[in-house]
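Written below as structure tokens is the structure these notes are about.
The values are calculated or read from the model by the stated rules, or taken from the named source; none is laboratory data. Every value quoted in this text rests on a predicted model; they were computed, and no experiment measured them. Because the Cβ atoms are built from the backbone with ideal geometry, glycine has one as well, and the counts that use them run over all protein chains shown. Protein only, heavy atoms only, side chains kept; ligands, DNA and RNA dropped before computing areas. Shrake-Rupley method; radii C 1.70, N 1.55, O 1.52, S 1.80 Å.
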Amino acid sequence: MRILEPSGFSSTRFPFPVGRICRMAFLAPLLLAVLPTSASGQTVMTTGAYSFSDELGGFHITGASGNGSRDDPFVITEELNSATPVTLTIRAVKPIQPFGVAGKFATGMLKMRIDVLNNGGQGWIEFQFELQSILGQPSTDDDGLSFDQPNKAPDYIASSGFADYYRELAPYDRLLFRNGKIDPLKTATFDFLITDLVPKKTFWLVQEPRIPTT
């Protein structure tokens, strides 16, 4: 069978030197690991041993960095266009090893900083996070997933826009920031730790901005 080839190239010559092709093949996976991928307006960003996705809709991820350790937390930047709850999908993209090195393994310990732009036109007076190990169902007390439940007095939970917080550790895993306000077109920063004592391939973080009821 005759193989048709573009004119100007023989079957044994390449348009680039072989060395350059090898370098391009080596660098391609590395570039894919740090660049966002998008399909139908949905964005998945990979950093460290996890990926973060806005695939369930209602908001946009605009940045992701870090490896999830205390010294190099995950920093996820987002834009919310309404005051309705949205859900961040979190996946382990490297081997799971609870006591492994952050960034090389999915350890189940995720130090988080989430920067959220309020682009919804209404001020937020509270902001709640909820963990889910099964999509659509609040995390329960026995699935190993929590906002660092074993630590009774954490000193790292904070927000740039809210004075205090309340952790609901049972029967669900929720973290409510309150006593503050985030005006439209302002950004709120939230710091907290997610502990997944039985590390999962996928789990979800529901984010719910709240507006005045009257």
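Of all the listed residues (D148, D155), the sole one being farther than 23 Å from T84 by Cα, touching a residue at least 12 places away in the same chain (Cβ under 8 Å) and among the acidic types (D, E) is D148.
State all residues of segment 51-74 that are open to solvent by less than 40 Å² (accessible area, probe 1.4 Å) and among the hydrophobic types (A, V, I, L, M, F, W, C); if no residue qualifies, say none. Within segment 51-74, F52, F59, I61, A64, F74 meet the criteria.
Residues in segment 72-97 that are in a loop (DSSP other than H, G, I, E, B), under 14 Å from the mean Cα position of the chain (by Cα) and under 28 Å from D183 (Cα atoms): P73 alone.
For segment 86-106, a residue qualifies if it is open to solvent by less than 30 Å² (accessible area, probe 1.4 Å) and either at negative phi or modelled with pLDDT under 95 (or both), and the qualifying residues are V86, T87, L88, T89, I90, A92, G100, A106.
Taking the conditions (1) open to solvent by 20 Å² or more (accessible area, probe 1.4 Å); (2) modelled with pLDDT of 95 or more; (3) in a strand (DSSP E or B) in turn, S38 satisfies each one other than (2). Among the strands (runs of 3 or more DSSP E) confined to segment 98-198, the ones with at least 2 residues that are within 19 Å of E208 (Cα to Cα), touching a strand residue (DSSP E or B) at 6+ places or on another chain (Cβ under 9 Å) and of a type in the set (K, R) are located at 174-180. Regarding segment 161-172, can at least one residue be identified that is under 17 Å from I194 (Cβ atoms), open to solvent by less than 30 Å² (accessible area, probe 1.4 Å) and modelled with pLDDT of 95 or more? Among the residues of segment 161-172, not one is under 17 Å from I194 (Cβ atoms), open to solvent by less than 30 Å² (accessible area, probe 1.4 Å) and modelled with pLDDT of 95 or more, which makes the answer no. Residues that are more than 16 Å from the chain's Cα centre (by Cα) and either open to solvent by 40 Å² or more (accessible area, probe 1.4 Å) or modelled with pLDDT under 95 (or both) within segment 182-214 comprise D183, P184, L185, K186, T187, L197, V198, R210, I211, P212, T213, T214, listed in sequence order.
In summary, D71 fulfils each of the numbered conditions (1) under 16 Å from V206 (Cβ atoms); (2) of a type outside the set (S, T, Y); (3) without any contact (Cβ under 8 Å) to a residue 12 or more places away in the chain with the single exception of condition (1). For segment 150-181, a tally of residues being within 22 Å of R70 (Cβ to Cβ), basic (K, R) and within 22 Å of the chain's Cα centre (by Cα) returns 1.
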